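To start, the structure under review is shown below, and the notes come after it.
Bear in mind that the values in this text are calculations on the coordinates, not laboratory data. The structure presented is a predicted model; accordingly, all values stated were derived computationally and were not measured. Ideal geometry is used to build each Cβ from the backbone, glycine not excepted, and the neighbour counts take in all protein chains shown.
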Amino acid sequence: MARLSEAEITARLETLSGWTRRGEEIVKTYKLSTFPAAIAFVVQVGFLAEAAGHHPDIDIRYNKVTLALTTHDAGGLTAKDFDLAAAADEAMG
């Protein structure tokens with residue numbers, strides 16, 4: 001998968017709510033109601049990621065889940081990152 005241009009990254013980032021760019025990755029922290037809700041969300045994201053063949057870095061801190069996405073094989077951001085970000089947002093409802 002090809003890396004996105006700076007213009008493409010900017011345009012795709014504008015379509016997502018709450019995601020920010022941090023170097024060669026996009027990052028978002030979700031706040032859930034409880035720790036079990038956070039774990040359930042991570043499980044949902046895990047299934048989405050496995051189906052997409054694209055796996056985020058996940059940090060869980062009680063009821064907060066931070067996802068960080070980049071395409072390591074491409075050395076930066078690709079459409080896969082933005083597609084999985086949108087799917088994670090949709091999983092939150």
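General observations
- ³J(HN,Hα) computed for each position of region 18-28 - Karplus, 6.51 cos²θ - 1.76 cosθ + 1.60, integer Hz, glycine/proline x: x, 8, 10, 8, 9, x, 9, 9, 10, 9, 8
- Long-range amide H partners of residue 71 with built H, under 5 Å: 76, 77, 78
- Convex hull of Cα atoms in the chain, direction-averaged projection (nm²): 5.5 nm²
- For the listed peptides 41-47, 76-82, a ranking on the average number of other beta carbons within 10 Å per residue, highest first, reads 76-82, 41-47.
- Descending semi-axes in Å of region 50-93, equivalent ellipsoid built from Cα gyration tensor: 19, 13, 8
- Axial C-alpha extent at least 24 Å, average Kyte-Doolittle at least 1.0 - helices from the chain (DSSP): 35-52
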